[in-house]
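Below you'll find the structure, written out as structure tokens, and then a few comments.
The values are calculated or read from the model by the stated rules, or taken from the named source; none is laboratory data. Computed from a predicted model, the values in this text were never measured in an experiment. Counting neighbours? That spans all protein chains shown, and the Cβs are built from the backbone with ideal geometry, glycine included. Protein only, heavy atoms only, side chains kept; ligands, DNA and RNA dropped before computing areas. Shrake-Rupley method; radii C 1.70, N 1.55, O 1.52, S 1.80 Å.
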Amino acid sequence: MDSFEPDKNGSHQDLPPPPPLVPPDVVPLRVEPEPVKKKAVRVPIARRGLGSKGQKIPLVTNHFKVNVTNVEGYFFHYSVALFYEDGRPVDGKGIGRKVIDRVQETYDSELDGKQFAYDGEKSLFTVGSLPRNKLEFTVVLEDISSNRSNGNASPEDHGSPNQSDRKRLRRPYQSKTFKVEISFAAKIPMQAIANALRGQESENSQEAIRVLDIILRQHAAKQGCLLVRQNFFHNDPRNFADVGGGVLGCRGFHSSFRTTQGGLSLNIDVSTTMIIQPGPVVDFLIANQNARDPFQLDWAKAKRTLKNLRIKARPSNQEYRITGLSEKPCSEQTFQLKQKSGDGEPLELTVYEYFVNHRRIELRYSADLPCINVGKPKRPTYIPIELCDLVSLQRYTKALNTHQRASLVERSRQKPQERMSTLSNALKNSKYDAEPLLRSCGISISNSFAQVDGRVLPAPRLKVGNGEDFFPRNGRWNLNNKRLVEPCKIERWAVVNFSARCDVRNLVRDLTRCAEMKGISVEPPFDVFEESPQLRRAPPTVRVEKMFEEIQSKLPGAPKFLLCLLPERKNSDIYGPWKKKNLSEFGIFNQCLAPQRVNDQYLTNLLLKINAKLGGLNTLLAVEQTPSIPLVSKVPTIILGMDVSHGSPGHSDVPSIAAVVSSRQWPLISRYRASVRTQSPKVEMIDSLFKRVSETDDEGMIRELLLDFYTSSGKRKPDQIIIFRDGVSESQFNQVLNIELDQIIEACKFLDEKWNPKFVVIVAQKNHHTKFFQPGAPENVPPGTVIDNKVCHPRNYDFYLCAHAGMIGTTRPTHYHVLLDEVGFSADDLQELVHSLSYVYQRSTTAISVVAPICYAHLAATQMGTFMKFEDTSETSSSHGGVTSAGAVPVPQLPRLQEKVCNSMFFC
């Protein structure tokens with residue numbers, strides 16, 4: 001039966017029998033069948049044996065073995081609720097830990113001296129139970145204004161700048177009373193950890209390991225660290241590196257417990273986050289806006305940047321959160337100062353007069369600058385800006401610019417040996433062996449790196465032009481004096497120059513010469529279109545529009561290819577509108593370059609991209625040509641790469657972009673095309689794989705890819721579908737298997753009800769914290785290193801692969817998880833296929849760190865994303881999709897690509 005049609009014969013059987021007295025106008029409702037019975041839920045498959053190919057190599061990894069002796073006990077989970085004295089729930093972040101610490105100090109004996117593992121929010125864990133299932137306590141905290149909450153002003157003060165001073169005269173500090181309720185929620189057997197190590201994972205075992213991670217977080221919080229998930233950053237200026245714009249890279253550590261085949265291990269890695277430069281607010285703003293002095297600052301921008309940051313005010317050293325800036329400069333901003341005696345008329349004075357005359361504080365430059373407001377909007381409290389210092393360890397969460405990103409990468413990379421010694425020191429300094437909770441669980445942590453066995457897979461043989469074979473060495477190859485395996489023709493083309501300083505004639509001559517050496521024949525260009533200088537200040541879309549008007553007026557018909565010279569190397573604002581015009585309006589292949597340092601190497605790399613876009617191929621795997629890829633060459637097989645890219649921080653409301661690329665012209669695995677769609681912001685699951693719009697129409701992504709495979713592979717349907725999925729965490733594996741895969745299967749069934757292809761689903765992860773080192777050798781692990789033992793999952797089918805040669809820093813292996821394999825690959829064949837797919841990336845002459853289809857999906861999503869950028873990206877606009885009180889907001893759709901280019905590797 002068609003899975004999409006209603007049950008034609010049995011639909012009436014599902015109606016309930018009518019109750020005895022039914023009014024004549026009531027139609028009985030059809031009972032919805034329970035969804036549970038519909039189908040079995042898929043779970044990730046178990047490992048099917050280990051690989052054996054390749055040369056064995058001893059390695060160590062940044063996992064430290066953990067022994068657990070107390071497996072008889074229980075963790076007790078309690079919920080925590082905090083209230084102010086008047087019964088309002090506490091919402092301020094960061095107060096929780098102080099309150100709970102005070103509960104422990106004050107009520108130690110009522111708690112049987114128990115240690116807490118508290119997550120800072122609503123959960124608290126103990127080893128063994130507390131005396132009662134529900135406990136209520138009252139505690140008093142002094143001076144909690146340093147605690148990120150500022151609701152402490154008394155109403156009759158009208159926000160005068162001296163309220164805290166006068167308060168301090170009346171009593172030495174501000175105190176606040178809290179009520180704390182701790183109630184039993186669940187108990188978790190520690191035995192669950194031992195079960196997880198045998199591969200029997202359960203809800204309990206994940207919870208138990210979460211408790212251990214919370215203990216680590218709390219341990220770091222007590223040392224005054226900034227916590228970002230399982231990453232910990234100490235307030236130590238030696239760990240700070242200035243990356244420009246008032247932003248510092250702060251180096252810290254990742255530390256978490258993992259279940260592995262070798263038992264429980266503690267995974268420690270170096271990690272970096274961005275923080276705001278601590279110190280005088282003015283210094284930060286000058287750096288942030290790249291201004292010469294405070295009088296050049298854009299205060300509207302400053303207000304947005306400073307909101308919610310924490311400062312310490314001199315001379316009191318009181319901590320506040322910034323709520324805004326004063327409307328007027330310090331020497332003009334007035335407020336009402338109540339008289340000391342309390343009965344006279346309040347004085348009206350400026351903030352400047354008050355601080356200089358009443359408080360006798362010298363102000364050197366604040367008179368003409370706005371004040372910092374730390375009060376409520378209706379009851380401001382103003383402090384002159386030069387008395388304010390930003391507190392250390394405040395995260396900077398906006399997107400970095402290109403310069404900052406490059407600087408951060410430069411400053412945070414470490415060679416393998418340096419990284420190993422940093423990690424050893426981190427473990428020593430963390431003093432986990434003294435952590436009382438870990439001791440009460442009977443946990444001890446080894447101080448030596450765990451040993452693992454690696455294997456180095458041989459590089460695959462490649463084919464270039466003239467039937468030549470050659471072997472990559474150390475993960476790279478050189479195409480000097482080699483022809484491309486399938487060179488294209490560059491014909492009916494023109495040059496477009498948006499960049500003033502370039503000798504176009506020389507560029508065309510050099511490009512033609514390099515192309516001929518690669519076997520690409522280049523006709524002379526029709527023309528060179530130079531942008532007229534008065535348009536350089538115009539908006540990007542106008543510049544592109546005008547350029548196209550000129551091209552249309554001069555050329556006999558649409559060109560096949562345009563070479564476009566851009567003024568800036570990175571993030572040129574012409575790029576998005578230019579790509580959109582070419583690909584979605586006219587269907588013209590195009591290549592952009594920024595002609596700064598153009599040499600033969602640069603031109604050769606450019607030609608690799610042009611050749612791939614125009615339908616050529618640069619290199620092929622020998623096993624593709626012969627076809628002899630195990631299991632893939634025997635039966636029509638399509639390879640999919642899937643990725644979702646989200647808006648950068650600070651633009652979190654822009655739509656996410658989902659891309660799926662698919663291989664074409666089976667038995668090749670080197671040619672791909674892409675399908676790209678927008679979806680709601682921050683949604684990780686791809687929602688338009690199958691989109692049924694009528695009885696016969698499916699507008700989803702998968703259908704168009706399957707149809708292209710069919711037409712490009714000699715009218716064959718793929719009997720095997722191999723899916724590579726990027727960017728999902730372990731908690732989402734089940735969704736990939738049960739939601740995304742279901743949609744793909746529906747798309748297949750919709751094309752042909754009787755067709756049952758076999759599926760392989762593999763997730764690739766790059767953002768994990770496992771690294772591998774060659775003991776006693778200064779260099780990174782060799783390209784082709786695969787690890788499928790010791791630190792891999794106790795039950796599931798996963799392996800690590802370093803396919804590329806790590807040139808700088810420490811290699812980050814890609815962690816592949818095989819969630820499903822209906823084809824029946826051996827471990828060796830599958831690892832070999834994944835390794836080979838790291839060698840078919842047409843844009844470079846090196847092996848890449850993750851399979852090409854995933855890289856292509858990433859490129860396609862990014863490139864199509866630039867189409868959206870210039871349409872409406874006001875930072876505050878919330879019309880970009882997502883969910884509001886009125887339900888889901890429609891997400892703007894991407895323009896469709898023209899027929900001529902949609903099956904090409906336009907993203908290359």
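Restricted to region 297-316, and to residues there that are out of contact with any strand residue (DSSP E or B) (no Cβ under 8 Å at 6 or more places or on another chain) and not hydrophobic (A, V, I, L, M, F, W, C), the residue that is most open to solvent (accessible area, probe 1.4 Å) is 304.
Output the residue which, of all residues in region 337-351 that are out of contact with any strand residue (DSSP E or B) (no Cβ under 8 Å at 6 or more places or on another chain) and open to solvent by less than 70 Å² (accessible area, probe 1.4 Å), is modelled with the lowest pLDDT. Out of the qualifying residues, it is 342.
Elements of the type strands (runs of 3 or more DSSP E) sitting completely within region 315-411 and holding at least 1 residues that are among the charged types (D, E, K, R): these cover 318-321, 324-329, 347-350, 388-390.
What number of residues within region 352-372 satisfy the criterion of being open to solvent by less than 20 Å² (accessible area, probe 1.4 Å), farther than 24 Å from residue 247 by Cβ and either touching a strand residue (DSSP E or B) at 6+ places or on another chain (Cβ under 6 Å) or aliphatic (A, V, I, L, M) (or both)? Looking only at that region, the number is 2.
Results for (1) assigned to a loop (DSSP other than H, G, I, E, B); (2) aliphatic (A, V, I, L, M); (3) open to solvent by less than 40 Å² (accessible area, probe 1.4 Å), shown as yes or no for each residue.
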residue	(1), (2), (3)
479	yes, yes, yes
483	yes, no, no
494	no, yes, yes
501	yes, no, no
505	no, no, no
508	no, yes, yes
514	no, no, yes
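Of 722, 745, 762, 686, all but one fail to be open to solvent by 10 Å² or more (accessible area, probe 1.4 Å) and of a type in the set (A, V, I, L, M, F, W, C); the exception is 745. For region 522-560, the tally of residues that are more than 41 Å from the chain's Cα centre (by Cα) and assigned to a helix (DSSP H, G or I) stands at 4. Restricting attention to region 412-445 and to residues that are among the small types (Gly, Ala, Ser) and either part of a helix (DSSP H, G or I) or open to solvent by less than 40 Å² (accessible area, probe 1.4 Å) (or both), the residue that is nearest to residue 245 (Cα to Cα) turns out to be 412.
Can you say whether residue 562 is surrounded by 14 or more Cβ atoms within 10 Å (Cβ to Cβ), touching a residue at least 40 places away in the same chain (Cβ under 8 Å) and within 30 Å of residue 826 (Cα to Cα), as far as the supplied structure shows?
Working: surrounded by 14 or more Cβ atoms within 10 Å (Cβ to Cβ): yes; touching a residue at least 40 places away in the same chain (Cβ under 8 Å): yes; within 30 Å of residue 826 (Cα to Cα): no.
For residue 562, the condition - surrounded by 14 or more Cβ atoms within 10 Å (Cβ to Cβ), touching a residue at least 40 places away in the same chain (Cβ under 8 Å) and within 30 Å of residue 826 (Cα to Cα) - is not met.
Applying the condition of being free of Cβ contacts under 8 Å to residues at least 60 places away in the same chain and more than 17 Å from residue 405 (Cβ to Cβ) to region 273-296 and asking which residue is most open to solvent (accessible area, probe 1.4 Å) yields 292. If you go through region 82-107 and keep only what is surrounded by fewer than 15 Cβ atoms within 10 Å (Cβ to Cβ) and closer than 14 Å to residue 119 by Cβ, you end up with 93, 94. Applying a threshold of 7 Å to beta carbon distances and a minimum spacing of six or more residues, or different chains, the list of pairs starting in region 887-908 at a residue that is open to solvent by 30 Å² or more (accessible area, probe 1.4 Å) and ending at one that is at pLDDT below 85 and in a strand (DSSP E or B) reads 889/882.
Note on region 600-619: residues that are open to solvent by 10 Å² or more (accessible area, probe 1.4 Å) and touching an Asp or Glu at 6+ places or on another chain (Cβ under 9 Å) total 2. Of all the listed residues (636, 630), the sole one being surrounded by fewer than 18 Cβ atoms within 10 Å (Cβ to Cβ) and either touching a helix residue (DSSP H, G or I) at 6+ places or on another chain (Cβ under 7 Å) or more than 29 Å from residue 558 (Cα to Cα) (or both) is 630. Of all the criteria given as (1) in a loop (DSSP other than H, G, I, E, B); (2) in contact with a strand residue (DSSP E or B) (Cβ under 8 Å, 6 or more places away or on another chain), the one not satisfied by residue 817 is (1).
Return yes when residue 392 is at pLDDT below 90 and under 29 Å from residue 274 (Cα atoms) and no when it is not. Before the answer, list the steps.
Numbers: at pLDDT below 90: no; under 29 Å from residue 274 (Cα atoms): yes.
Considered against the rule, which asks whether it is at pLDDT below 90 and under 29 Å from residue 274 (Cα atoms), residue 392 comes out as no.
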